[in-house]
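Reviewing the structure listed below.
The values are calculated or read from the model by the stated rules, or taken from the named source; none is laboratory data. Computed from a predicted structure; not experimentally measured. All Cβ positions, even for glycine, are placed from backbone atoms using ideal geometry, and neighbour counts span all protein chains on display. Ligands, DNA and RNA are excluded from the accessible area calculation, which covers all protein heavy atoms including side chains. Shrake-Rupley method; radii C 1.70, N 1.55, O 1.52, S 1.80 Å.
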Amino acid sequence: MRKSLLLLLAMLLSISIFVVACGGDGDEPADTDADEEVDGGEEDTDADADADEEGGDDTAQEDAPQGGTVTYGYTQPFAGTFDWSFYGGQDDSLALKIFSGDALVKTGDDLMPEPHLAQFDISDDGTVITFELEEGVMWHNGEELTGEDFKFAWEVIAHPDYPGVRFSNVEMIEGAQEMKDGDADEISGINLVDDYTIELTVTEAAPNTISNLWTYPMPKAHLEHLEVAEMEESDEVRRNPVGLGAYKVTNIVPGEQVEFEAFEDYWRGAPNLDGVVYKVIDGAMAGELLAQGEVDIIDLPPSQAIQLEGNDNVYLEEVEALSYSYIGFKLGHWDGEKNVMDNPKFEDVRVRQAVAHAIDRQGIIDSFSEGYGTVINAPESVISWAYPDESTLNQYEYDPERAMELLAEAGYEDTNGDGFVENPDGEEFSVNFMAMSGTDISEPRAQYIVQNLQDAGINAQLQNGQLFEFNLFYDLVEEDDEDIDLFMGAWGLSADPDPTGLWKENDFWNFPRWVSEDSEELIARGLSEEALDIDYRTEVYQEWHQLVNEELPLVPLSSPITIYAINSEVQGVTPDIRDAITDPHLWYREN
């Protein structure tokens, strides 16, 4: 391998990290009404230099007011899985970030990576990564964080009985596949040199190894007595979780509220507050409850946020989110190991393209998001370095007549005069549209989309005549409920634009169940040795987005702008591209 490629590899291995979802940096289902949650930038970064600078600006301010509590609001019930290795969506990730948000690496305000719990070094051939952990980092149960907690996490995820979906975040470690297959009792590529030094050997160099690596530890002393198969539902995960963040859990009201108290031994300094409350509220009243002081921090739909402009008790922060919303087609099902594209309803791409032309995407932004957001034609955030050149994509502009032309070309015509098309066999063609509940815009927005489809001759209706709360919505989507035809979802994205995790044949979270040999080939090319050249990799993702734009397994809707509303008494809050829980130990309340 040429030296220039090795240097580029070192750069790429140290970028695009955002510690939230699938691994050190991953994708997660988002709440479409929060206009969403959540990672790309590309510059050479000296990781060791960043680590040397860290520590001075992220400790609690000595002169900040001390005491009091802050309430962080959310508009959907949380599932209650309080360990990163098992959680599934933003509902739980918000609570997790409050009490256990620290990982091996973090992302700075400029989306560039910074060492966090560890500094790291990469071997010349890109296959060995050495992590040097911070010493004196304490779990809430009094145990010190060591390399054993990371080894434990990686091996839980690689265990044959692990029920979660994070294996793709450890499979690059040498020996992980053998453990998953039951041929080994541990991962051979993990070498604990001492309590604070981890040597990790990966199977091959790739442009996004650290970005894709699982970077959250698990408290081994708290969980090792449990069988892997029982961990997710255990009291140790759901009722008495242990973290290493600024606040520890004191009380959980399932699905409604989590109470936290300050952890004085937090490794970056004792927090300013006495505690934090994570509270589920009525989304339709979110703005009003914030104005009344019932909650202190929440992301609001623009329709509610604009009503708070000029309110001295509230300040607003706008963040262009690294996420997108979409309408997905159910093209098949998950058979337990892979996606199978076997639903004939939308197998004709012209029907999918007709649906795209039928939906007034700019109208949705203008009518329900007060113009905040950008219409997109690819499943990517506009702030990602890999967002494609729009001039190369089909625009799918709102055009009901074009939608009807495409339907006619595919053999879908109104044969009985009821205003809706029948399928080529002359049978009724009806479409169930599934959407989430959440805020005051949820119902009218869903009805708006249904009306769009009906205006183009498609007999559409809300599935079961109702909206579905966040967790039930994703349960049904994951299970490929047979009634689902179209569903409105959102993804919070990772900093690295690799589509793995959401779009491969063996990706469980490939909810449209789209399978394409061309897509598989392009995704592989984006992780090849050639892709160590960032220009090459950018071209590959341009091609991949063009393929998705043409095949249309989903209709991309918008890349949103998130608006956070914060009580004026609450300071030290730094909203980012996913949420407003960056460094909660720095929050304070002015008296």
How many residues does segment 112-137 hold that are hydroxyl-bearing (S, T, Y) and either in contact with a Phe, Trp or Tyr (Cβ under 6 Å, 6 or more places away or on another chain) or in a strand (DSSP E or B) (or both)? 1
Would you check if there is a residue in segment 109-117 being more than 26 Å from F82 (Cβ to Cβ) and modelled with pLDDT of 90 or more? no
Can you report the number of residues in segment 297-340 which are in a loop (DSSP other than H, G, I, E, B) and either acidic (D, E) or within 24 Å of the chain's Cα centre (by Cα) (or both)? 12
Take the residues of segment 488-522 that are assigned to a loop (DSSP other than H, G, I, E, B) and among the hydroxyl-bearing types (S, T, Y): which is surrounded by the fewest Cβ atoms within 10 Å (Cβ to Cβ)? S516
Considering only segment 351-371, how many residues are in contact with a strand residue (DSSP E or B) (Cβ under 8 Å, 6 or more places away or on another chain) and open to solvent by 50 Å² or more (accessible area, probe 1.4 Å)? 1
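A quick yes/no check of all residues on (1) part of a loop (DSSP other than H, G, I, E, B); (2) at negative phi; (3) touching a helix residue (DSSP H, G or I) at 6+ places or on another chain (Cβ under 9 Å); (4) not small (G, A, S):
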{"site": "E148", "(1), (2), (3), (4)": "no, yes, yes, yes"}
{"site": "A153", "(1), (2), (3), (4)": "no, yes, yes, no"}
{"site": "V156", "(1), (2), (3), (4)": "no, yes, yes, yes"}
{"site": "P160", "(1), (2), (3), (4)": "yes, yes, yes, yes"}
{"site": "S168", "(1), (2), (3), (4)": "no, yes, yes, no"}
{"site": "E178", "(1), (2), (3), (4)": "no, yes, no, yes"}
{"site": "A184", "(1), (2), (3), (4)": "yes, yes, yes, no"}
{"site": "I187", "(1), (2), (3), (4)": "yes, yes, yes, yes"}
{"site": "V193", "(1), (2), (3), (4)": "no, yes, yes, yes"}
Output the residues belonging to segment 56-91 that are at pLDDT 95 or above and of a type in the set (D, E, K, R). D83
Residue selected from segment 244-284 under the condition closer than 30 Å to L467 by Cα and open to solvent by less than 40 Å² (accessible area, probe 1.4 Å), by the criterion modelled with the lowest pLDDT: G283
Please go through segment 314-353 and pick out each residue that is hydroxyl-bearing (S, T, Y) and farther than 27 Å from V165 by Cβ. Y315
Here is a check on your reading of the model: is L527 aliphatic (A, V, I, L, M) and either open to solvent by less than 40 Å² (accessible area, probe 1.4 Å) or more than 30 Å from G336 (Cα to Cα) (or both)? no
Criterion first (open to solvent by 20 Å² or more (accessible area, probe 1.4 Å) and not polar (S, T, N, Q)) does V165 satisfy it? yes
Which count do you get for residues in segment 167-210 that are under 16 Å from T500 (Cα atoms) and among the charged types (D, E, K, R)? 1
Looking at segment 307-350, which of the residues that are buried (at least 18 other Cβ atoms within 10 Å of the Cβ) and farther than 30 Å from V515 by Cα is modelled with the highest pLDDT? V314
Could you pull out the residue among D149, D181, D185, D194 that is under 28 Å from the mean Cα position of the chain (by Cα), of a type in the set (D, E, K, R), modelled with pLDDT of 95 or more and farther than 21 Å from S100 by Cβ? D181
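Results for (1) out of contact with any strand residue (DSSP E or B) (no Cβ under 7 Å at 6 or more places or on another chain); (2) under 25 Å from L554 (Cβ atoms); (3) of a type in the set (A, V, I, L, M, F, W, C), shown as yes or no for each residue.
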site: A270; (1), (2), (3): no, no, yes
site: L290; (1), (2), (3): no, no, yes
site: Q304; (1), (2), (3): yes, no, no
site: Y315; (1), (2), (3): no, no, no
site: E318; (1), (2), (3): no, no, no
site: G328; (1), (2), (3): no, yes, no
site: D335; (1), (2), (3): yes, yes, no
Verdict on I298 being open to solvent by less than 20 Å² (accessible area, probe 1.4 Å), under 28 Å from N251 (Cα atoms) and not aromatic (F, W, Y): yes
Any idea which of D518, D535 is over 27 Å from W214 (Cβ atoms) and modelled with pLDDT under 95? D535
Inter-residue pairs, beta-carbon under 9 Å, first closer than 14 Å to Y87 by Cα and in segment 225-247, second at pLDDT 95 or above and basic (K, R), 6+ apart: E232/R238; P241/K248
Can you tell me how many residues within segment 380-417 are part of a loop (DSSP other than H, G, I, E, B) and out of contact with any helix residue (DSSP H, G or I) (no Cβ under 6 Å at 6 or more places or on another chain)? 17
Identify the single condition in (1) open to solvent by 30 Å² or more (accessible area, probe 1.4 Å); (2) over 30 Å from R525 (Cα atoms); (3) not charged (D, E, K, R) that N212 does not satisfy, given that it satisfies every other one. (2)
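What number of residues within segment 335-367 satisfy the criterion of being of a type in the set (S, T, N, Q) and more than 24 Å from D455 (Cβ to Cβ)?
Going through segment 335-367 one residue at a time, the tally reaches 2.
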Scanning segment 541-591 for residues that are in a helix (DSSP H, G or I) and within 28 Å of R513 (Cβ to Cβ) gives Y541, Q542, E543, W544, H545, Q546, L547, V548, N549, E550, E551
Could you please find all residues in segment 342-384 being touching a Lys or Arg at 6+ places or on another chain (Cβ under 6 Å) and within 14 Å of E551 (Cβ to Cβ)? F346
